[in-house]
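Let me begin by presenting the structure, written as structure tokens, before commenting on it.
Computed from the coordinates by the stated procedures, all read-outs in this text should not be read as laboratory data. All values derive from a computational prediction rather than experimental measurement. Virtual Cβ from ideal backbone geometry, glycine too; neighbours counted across all protein chains shown.
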Amino acid sequence: MKRWLLLEDELDLYEVLLTIYAIAGYQGVALSNGEDMINWIDDVDNGEIDSIDIQFALLDIRLPGKLSGVDVAARLRESPYLWDIVIILMTAYRLSPAEEEAVLEESGADLLLYKPIPHRDEMLKMIEEIRNSRQYR
């Protein structure tokens, strides 16, 4: 089964997203704060957790605690096992074009979306397009 990562602190959205993607055949690894996700990535890098078939990460930018989705995305890019997954940041807060550019550069994310995020099928199409565009770099 294909897997994906979710970092979201709004529990209602957290549950809805896990269910929607499960219907499409994606098993979610979901956490609600940056510290727990960084620990999970560390466990993957240390061989304690299997990272096979992780296709993409959907990360909320603003989270409780010290670490943001931007921090988590940057850590994913450093991981020898997860560096090449598609990373999508999401936020409910509007950013200026300069802030958007800075967030994408700092995080290494592929895309920044505003909530409400696109329908599942549209999102999966975007992920596939990102993956395909990388093959031609």
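Here the 3J(HN,Hα) profile of the stretch 52-68, calculated from phi with Karplus coefficients 6.51, -1.76 and 1.60 at θ = phi - 60°, is 4, 6, 6, 8, 7, 10, 10, 10, 6, 6, 9, 9, x, x, 7, 9, 9 Hz, Gly and Pro shown as x. On full extension, the segment bounded by THR19 and GLN55 gains 11.3 nm, given 0.36 nm per residue less the C-alpha separation. Rounded to the nearest 20, the size of the Cβ-charge dipole of the stretch 53-137 about its Cα centre is 160 debye, with Lys and Arg at +1 and Asp and Glu at -1. Computed over the chain, the alpha-carbon pair-distance distribution with 10 angstrom bins reads 12, 46, 36, 5, each value a whole percent.
In this label model, SER96 and ARG77 are separated by 2.2 nm, measuring between points 7 Å along each Cα→Cβ vector.
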